[in-house]
Amino acid sequence: MSLRGQATVEGTARYRKRFENAAENHFRQSQNLWLSSIGVGTYLGNADEATDQRYLDAIARAVELGANVIDTAANYRFQRSERSIGTALSELGRRGFGRDEIVVCTKGGYLPFDGAVPVDVRAYIEETFVRPGIAGFADIAGGAHCMTPHYLQNQLDQSLVNLRVECVDVYYVHNPESQLSAVSTDEFWRRLRSAFEMLEQNFAGGKIGNYGAATWNGFRTEPDARDYHSLERMVEIAREIAGDDHHFRFIQLPLNLAMPEALFFQNQKVGDEYVSVVEAAGNFGITVMASASILQGQISRGLPEAIRDPLGSLATDAQTGIQFARSAPGVTTALVGMSSVAHVEENLQLVNVPPAEAEDFLRVFDQEQ
C-alpha cells in the first residue's frame, strides 16, 4: 500500500520541533518546507539483500536522529535503493513519523535494471522499454539515458511503486547532460522542454511536489563546453510553460572540498553578468542540494589541520567534509551516502553542531592557497 500525502510545511515543522537541541540553522526553510542541512544519499552499495537491510536500518536511524531529506534515483543499485527507502518509510510510519515530515527525492533518466544486471543488456532494454513503446532506441543517448515524456512518466510511476508513496517531493531529471553526447544543443533544449511540460503536468496530478535537474558536470563546466547547462535557460523554459509559479525549484550538483566550483566558478549568466551557479540559483529562487559531500568517502580521511580548524576541529574527517558542504553559503542540504547505522550516528552528531560561519568557511580557502 502506498503512503498517502507528501512533505508539507506543517509536517516538516513538526519534524523540526522533535529536535529541540538541534543547532541553529540545521533546519533550513526552502520551497515552503523545512529541510535538514544533512540528507541521506543511497547511491553506493551492492545489489543484494544484506545491503538492502543496511540501507533500511540506516535510513530509519537517520530520520530518528534529525535528517529528513532522503535522496535516491531509479538506477541506484538497480532500483533496490528506492525499494529500501519504501520499506524504511513504512517502518518509520510504525515508529510514529508521518509521511508529511520527510522529504523524498528521486531521479529519472538512466535506464535502470531490475534488481540485478541482466544477462543480455540489449535484450533487456528492448523487452522492457522498446517493445512496449516506452522508449525507442533513437531516444536513448549513449545506450543508457532517455528523457522523453513517455519514458519519464513510466519511470516516475515505477518510482512511486518502489518508494511506496503517492507523491515524490522532488523529482529530478537525472544528469541531462548525458543527452548532449548524442544530440544537438537545439534538440537537447527541445527534449528538456518536453520533459518539463510532463513534470508540470505531474505536479498538477499530485504525483510530484517540485522538480529539478540533478547533474554531475552540467552546471560546473565552461559555458562553451559540450555538456554545459545554462540555469537561466532552464528557468526561462519553466516560466514559459507555467509562468512564475512554475515548479522547477531544485538543482543538485557535486560540492565538496575537492570540487568547490559551484561556489566560485562564475559560469552562469544572469542578465548581463556571469555568477556562480549557487548565486544564480539564489537569484532564481531555486534550492541547491549538494551531492558527493565527502566524494564517496574520499574526503573522509587525512585532512590537514589547516582545513579542519576553520570548520570546527571536529572529531572525524568525514564530519569535517560534511560540515564544509552544509556550511557553504547558498546550499540548503548536503547529501551524504550512508548505508550503515554506525556512519549515520557518527555523521549526524553534526545535527547539534552549528554550521561554520561564513568568515570561518572562507578561511578554508585561505589555507589552500
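The values are calculated or read from the model by the stated rules, or taken from the named source; none is laboratory data. Being a predicted model, the structure only gives us computed values, none of them experimental. Positions of Cβ are generated from backbone atoms using ideal geometry, with glycine treated the same way; all protein chains shown enter the neighbour counts. The area values use the complete protein model at the heavy-atom level, side chains included, leaving out ligands, DNA and RNA. Shrake-Rupley method; radii C 1.70, N 1.55, O 1.52, S 1.80 Å.
General remarks:
- Counting only residues that are more than 30 Å from L3 (Cβ to Cβ) and either among the charged types (D, E, K, R) or without any contact (Cβ under 8 Å) to a residue 12 or more places away in the chain (or both), region 153-190 holds 6 of them.
- When D100, D71 are checked against the criterion of being acidic (D, E), under 17 Å from G11 (Cα atoms) and surrounded by 19 or more Cβ atoms within 10 Å (Cβ to Cβ), a single residue qualifies: D100.
- Any hit, region 48-64, residues being assigned to a loop (DSSP other than H, G, I, E, B) and either under 17 Å from G96 (Cβ atoms) or open to solvent by 70 Å² or more (accessible area, probe 1.4 Å) (or both): no
- Residue list for region 311-334, filter: among the aliphatic types (A, V, I, L, M) and under 19 Å from the mean Cα position of the chain (by Cα): I322, A325, A328, V331, A334
- Members of region 138-147 found to be open to solvent by 30 Å² or more (accessible area, probe 1.4 Å) and in contact with a helix residue (DSSP H, G or I) (Cβ under 6 Å, 6 or more places away or on another chain), listed by number: G142
- Residues in region 100-144 that are under 18 Å from the mean Cα position of the chain (by Cα) and within 29 Å of I38 (Cβ to Cβ): 11 in all.
- Candidates S184, S178, S194, S159, filtered to the one that is open to solvent by less than 10 Å² (accessible area, probe 1.4 Å) and hydroxyl-bearing (S, T, Y): S159
- Note on region 327-369: residues that are open to solvent by less than 60 Å² (accessible area, probe 1.4 Å) and closer than 20 Å to T72 by Cα amount to 14.
- Residue ID - farthest from the chain's Cα centre (by Cα), chosen from residues in region 170-187 that are closer than 17 Å to G212 by Cβ and assigned to a helix (DSSP H, G or I): Q179
- Tallying residues that are in contact (Cβ under 8 Å) with a residue 12 or more places away in the chain and either open to solvent by less than 30 Å² (accessible area, probe 1.4 Å) or not in a helix (DSSP H, G or I) (or both) within region 233-250 yields 9.
- Filter result (open to solvent by 50 Å² or more (accessible area, probe 1.4 Å) and over 15 Å from A204 (Cα atoms)) within region 162-172: R164
- Within region 271-294, the set of residues being open to solvent by 30 Å² or more (accessible area, probe 1.4 Å) and either part of a helix (DSSP H, G or I) or of a type in the set (V, I, T) (or both) comprises E279, G282, N283.
- Restricting attention to region 204-224, the residues that are under 19 Å from L3 (Cα atoms) and surrounded by 19 or more Cβ atoms within 10 Å (Cβ to Cβ) total 4.
- Odd one out for S2 among (1) open to solvent by 20 Å² or more (accessible area, probe 1.4 Å); (2) within 22 Å of S293 (Cα to Cα); (3) not hydrophobic (A, V, I, L, M, F, W, C): (2)
- Among residues of region 141-152 that are closer than 10 Å to L111 by Cα, those with a Cβ under 6 angstrom from a residue that is among the acidic types (D, E), sequence gap 6+ or separate chain, pair up as C146/D139.
- R83 passes every criterion in (1) touching a residue at least 40 places away in the same chain (Cβ under 8 Å); (2) open to solvent by 10 Å² or more (accessible area, probe 1.4 Å); (3) in a helix (DSSP H, G or I); (4) in contact with a strand residue (DSSP E or B) (Cβ under 7 Å, 6 or more places away or on another chain) apart from (4).
- Filter result (closer than 11 Å to T333 by Cβ and out of contact with any helix residue (DSSP H, G or I) (no Cβ under 9 Å at 6 or more places or on another chain)) within region 15-38: R28, S30
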